[in-house]
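Quick notes on the structure that follows.
The values are calculated or read from the model by the stated rules, or taken from the named source; none is laboratory data. Computed from a predicted structure; not experimentally measured. When we count neighbours, we look across all protein chains shown, and the Cβ atoms used for this are built from the backbone with ideal geometry, even at glycine. When the accessible area is computed, the model is the full protein with side chains, heavy atoms only, and any ligands, DNA or RNA have been set aside. Shrake-Rupley method; radii C 1.70, N 1.55, O 1.52, S 1.80 Å.
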Protein chains: 4
Amino acid sequence: MKITIGMFGFGRTGSVVAKEIIKDEICELSWVLRKSTAMEGKYASRLLGFDHNEGMIYSIEDIDSEAFYQDNHVDVIIDFSSASAIENYEQAAQYGTRIVSAISKYDRFHLEQLKALGKQTAVLYSPNITLGINFLIEASKVLQRIAPHADIEIIEEHFRDKRDVSGTALRIAEDLGLDKRQHVNSIRVGGIVGKHEVIFGLPNQTIRIVHESLNRAAFGQGAIYAAKWLMGKDKGIYTMEEAVALNFVNNTHVFEVDE
Amino acid sequence: MKITIGMFGFGRTGSVVAKEIIKDEICELSWVLRKSTAMEGKYASRLLGFDHNEGMIYSIEDIDSEAFYQDNHVDVIIDFSSASAIENYEQAAQYGTRIVSAISKYDRFHLEQLKALGKQTAVLYSPNITLGINFLIEASKVLQRIAPHADIEIIEEHFRDKRDVSGTALRIAEDLGLDKRQHVNSIRVGGIVGKHEVIFGLPNQTIRIVHESLNRAAFGQGAIYAAKWLMGKDKGIYTMEEAVALNFVNNTHVFEVDE
Amino acid sequence: MKITIGMFGFGRTGSVVAKEIIKDEICELSWVLRKSTAMEGKYASRLLGFDHNEGMIYSIEDIDSEAFYQDNHVDVIIDFSSASAIENYEQAAQYGTRIVSAISKYDRFHLEQLKALGKQTAVLYSPNITLGINFLIEASKVLQRIAPHADIEIIEEHFRDKRDVSGTALRIAEDLGLDKRQHVNSIRVGGIVGKHEVIFGLPNQTIRIVHESLNRAAFGQGAIYAAKWLMGKDKGIYTMEEAVALNFVNNTHVFEVDE
Amino acid sequence: MKITIGMFGFGRTGSVVAKEIIKDEICELSWVLRKSTAMEGKYASRLLGFDHNEGMIYSIEDIDSEAFYQDNHVDVIIDFSSASAIENYEQAAQYGTRIVSAISKYDRFHLEQLKALGKQTAVLYSPNITLGINFLIEASKVLQRIAPHADIEIIEEHFRDKRDVSGTALRIAEDLGLDKRQHVNSIRVGGIVGKHEVIFGLPNQTIRIVHESLNRAAFGQGAIYAAKWLMGKDKGIYTMEEAVALNFVNNTHVFEVDE
């Protein structure tokens, strides 16, 4: 049986994520909800070049939230829209729908709403939902624990016009307990999509964990991973790092020697 | 209280390891055992440029194995000599001495001896005992589990005169279930000390874990880590990967959001 | 005054190149010639999303080659179509039109035609016309001359489905006099667009020159560079490496010291 | 016939350089001049573990400068000592001896002396005399000329205890006309010997030139290259970049196509 998905957001990233969901063998895109009425009644699948109907687009303006989430029940809502969308889908939780939120930044008010939602259903929140970045963060934490005296520096490289320091790099620094202003080095050149490197320096060896983004479909694959992972979880609020970290456990070993 | 160490081997690598043990705050080098009688009666510390006496050097020829391990009891024996050394120190196990073996390759006979020793005391065996390489192996296994569809390639770079394919690279390939002839790429140029890179390719992102060796003192730090880790273990036979892997567990997360 | 360009080919790469030409301040796309009649009479600029008319599309079937190149004279023809296109535009040479060919591979017959064309006008031929790759080749040759004892290895990384060894990597090996089977290492993983690395190993230092492709617009910028460079050349046949190499000359130095 | 070398300085770097000179097939170490009298009368070769006599050590205190440079004529003096050494060897210039100076930093006074010396003999001055770094600088200048719109960033990585920003990185920035405070990124971790990377970012491609130091013998090979190069030069004052740059010239091409 497929995992049914409802999607909030169909912009630059949202549409790429929708495409990945449609292509996934286990997931099915039930619907897309948008603020605008512009594409209302069309199928996301058709707009994305597929030959079948999947992911009817609705406008928030024209639905009755109470009835909608019951009549159009989905297993998981994936949210790539904006912070305030949560006001809309909190009714869905009462029908057992789980939530994956990839919103970049919540204000205090909406964050409280998200936490409240975690008391009714399973919620995973991650501002950077790619598998690779979350692996990088978790592996870095482990290495820091193994080699507590290592010096650590972060290099992030992005295209020339990206103004701010990478939020992901700041998150890595925070997770490793590093002073963000001291240890995050930003490179802005040409058209680099996104590269993050964590360098661990020991007196006699150097270890580097490097993540390179090729395009934003990586977000779709991360969201799908999160949705699948969340299907086995009780209510509560989770992070992507956690979804990845559990793979670091139960790493049992058998003693073997090449002969 | 310090962890007392007995050392087998005082060659090119062994002497560097001994130096790291002497410098370590928690470990103490009780003695060094050698086949040759050449440096008998001297202190390893003095030969390595320290100003105090630590690590008296004995020759296997001139000791009574039975009495020696009782009279010169140590918490851990670290072995950087050769496969046959195990014949000598198996008596030590009965006095509770634990064993860290960094021998490159055991034949079947000595491997059986090592396994037998694991029934009397705690034994850790690792042909590449650096922290960084074992972290790289464990992290790679985890990433393979998170992203089972990723393509994986290994690049190893070493100095021009290194003839064989890196044993470490072969071990990585084996641990990841990769065909060694297909997926290990060997670069031989100039004076590169040793670099191992594992590349994980996904459709939309690339992840690289890179280890660079700067010098062989990295072995000393690995051996010390292994010795300390082994102090808390029951009898049995362990690997360095395991000593590192346990750090990947209990990675608990608290939900936090920047506000 | 602008450099006027006629373009052969409007496929996956050709259309991206046309877009770069339209965007360039010094170049102007006069026309596009195609085998097919499909887009005949349309403007390339419109098809590529611009708001003005530039680059009328013609079909080879419907033009009179003799008259066409006189009536629609251009300074440079840029060819991203196929080997046989040369049969069509050789008449253009008699009106002083220069030729930039980026065809991947010529057979003997068409290669002779290209050489013959070089006796009438200035022709630049390069199967990989990006600036970066040609810089990498030239710089590698220079470094090999400075450090003739260096060991050299080439690593090329591309997406999983690329079957053949990178033609660019083979060209680099050839230019450096290296055995292609021994010194070109191919990595095939995930979605890597294209990366070429030349490693120079000396006993006490390692030098790496690395080129990463982000997308195929790099071909457009290379072709424009070639067109501009060719404007100052007499008849003859040139390579992109040469267009780049001349920048390596006249590197005069003034003695200066920080005080 | 061999190139005879006189050496100033026999400290940490100087002695490694002397060793490379002794090992070189074309160069011969005639003598070493030191301030101290400590090793006076010994052979550098013996102190460095060779089995023959080469490079008698003299003390400046005990020689007559006037007679010494005539009686002990050498083709080239290589100076790895300190800025004031020039006061001592300026007499050597009148006997046709050429000068290679690798002093890190000259004050104004000694710099004037060096310039004056350039009117009598051929003088090469370079604070970083490795081949690799000078290649990196020259190649970067060339690439900047080919791709003037590229964004350029410099990353330098060194061991934890290196306090200052790398002088070499500052020199690269200066040579490329970059604001040093904006474009030099310093990484300080563990035991990294020395790595310099220049990143050129274009909209559709990225080019990296990377230099990694393995140990200080690289200085010896650079000094030997400089000495050999200087043998063919008239009086004047030269830089290492220039010695390397001339290899970038006369890069003639023959048109060839694989068939």
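Worth pointing out:
- Subset tally (residues that are over 16 Å from A:Ile199 (Cα atoms) and not in a helix (DSSP H, G or I)) for the stretch B:200-228: 9
- Residues in the stretch B:74-89 that are surrounded by 15 or more Cβ atoms within 10 Å (Cβ to Cβ) and not polar (S, T, N, Q): B:Val74, B:Asp75, B:Val76, B:Ile77, B:Ile78, B:Asp79, B:Phe80, B:Ala83, B:Ala85, B:Ile86, B:Tyr89.
- Residue match in the stretch C:222-244 (condition: in contact with a Ser or Thr (Cβ under 7 Å, 6 or more places away or on another chain) and of a type in the set (Ser, Thr, Tyr)): yes
- The number of residues in the stretch B:126-145 that are within 9 Å of another protein chain (Cβ to nearest Cβ) and open to solvent by 10 Å² or more (accessible area, probe 1.4 Å) comes to 4.
- All positions within the stretch A:82-118 that are assigned to a helix (DSSP H, G or I) and within 14 Å of chain B (Cβ to nearest Cβ): A:Ala83, A:Ile86, A:Arg108, A:Phe109, A:His110, A:Leu111, A:Glu112, A:Gln113, A:Leu114, A:Lys115, A:Ala116, A:Leu117
- Per the conditions (1) within 14 Å of chain C (Cβ to nearest Cβ); (2) of a type in the set (Asp, Glu); (3) touching a Ser or Thr at 6+ places or on another chain (Cβ under 9 Å), the sole criterion not satisfied by B:Asp79 is (1).
- Conditions (1) surrounded by 19 or more Cβ atoms within 10 Å (Cβ to Cβ); (2) more than 8 Å from every other protein chain (Cβ to nearest Cβ); (3) farther than 30 Å from B:Ala93 by Cβ; number of the one not met by B:Thr168: (3)
- Any hit, the stretch B:65-73, residues being of a type in the set (Asp, Glu), touching a residue at least 24 places away in the same chain (Cβ under 8 Å) and surrounded by fewer than 17 Cβ atoms within 10 Å (Cβ to Cβ): yes
- All of (1) modelled with pLDDT of 95 or more; (2) within 22 Å of A:Tyr58 (Cβ to Cβ) hold for A:Ala85 with one exception: (1).
- All told, A:Ile152 meets the bar of being open to solvent by less than 20 Å² (accessible area, probe 1.4 Å) and either assigned by TED's automatic domain parsing to the domain that holds A:Ala226 or in contact with a helix residue (DSSP H, G or I) (Cβ under 7 Å, 6 or more places away or on another chain) (or both).
- Residue among B:Val198, B:Val193 that alone is among the aliphatic types (A, V, I, L, M) and modelled with pLDDT under 95: B:Val193
- Scanning the stretch B:171-181 for residues that are touching an Asp or Glu at 6+ places or on another chain (Cβ under 9 Å) and either farther than 24 Å from A:Leu202 by Cα or buried (at least 23 other Cβ atoms within 10 Å of the Cβ) (or both) yields B:Ile172, B:Ala173, B:Glu174, B:Asp175, B:Leu178, B:Lys180.
- Screening A:Thr168, A:Thr121 for residues that are in contact (Cβ under 8 Å) with a residue 60 or more places away in the chain and β-branched (Val, Ile, Thr) leaves exactly one candidate, A:Thr121.
- Taking the criterion of being open to solvent by less than 20 Å² (accessible area, probe 1.4 Å) and hydroxyl-bearing (Ser, Thr, Tyr), the only residue of the stretch C:201-214 that qualifies is C:Thr206.
- Evaluation of A:Ala217 against (1) open to solvent by less than 40 Å² (accessible area, probe 1.4 Å); (2) modelled with pLDDT of 90 or more (one fails), failing number: (2)
- In the stretch C:9-35, the residues that are in a loop (DSSP other than H, G, I, E, B) and open to solvent by 20 Å² or more (accessible area, probe 1.4 Å): C:Phe10, C:Gly11, C:Asp24, C:Glu25, C:Ile26, C:Lys35
- The residue that is nearest to the other protein chains (Cβ to nearest Cβ), counting only those in the stretch B:177-198 that are of a type in the set (A, V, I, L, M, F, W, C) and within 21 Å of C:Gln182 (Cβ to Cβ), is B:Val189.
- With respect to the conditions (1) surrounded by fewer than 17 Cβ atoms within 10 Å (Cβ to Cβ); (2) closer than 26 Å to B:Ala122 by Cβ, B:Asp62 lacks only one, and its number is (2).
- Members of the stretch D:146-165 found to be over 18 Å from A:Gly190 (Cα atoms) and at the interface with chain A (Cβ under 10 Å from one of its Cβ atoms), listed by number: D:Glu157, D:His158, D:Phe159, D:Arg160
- Annotation note: of D:Ile103, D:Ile86, the sole residue that is in the same structural domain as D:Lys35 (by TED's automatic domain parsing) and more than 13 Å from D:Leu33 (Cβ to Cβ) is D:Ile103.
- When B:Ala38, B:Ala92, B:Ala102 are screened for being closer than 25 Å to B:Arg216 by Cβ, surrounded by 15 or more Cβ atoms within 10 Å (Cβ to Cβ) and of a type in the set (A, V, I, L, M, F, W, C), only B:Ala102 passes.
- Among the residues of the stretch A:230-245, the ones that are open to solvent by 40 Å² or more (accessible area, probe 1.4 Å) and either part of a helix (DSSP H, G or I) or not charged (D, E, K, R) (or both) come to 3 in all.
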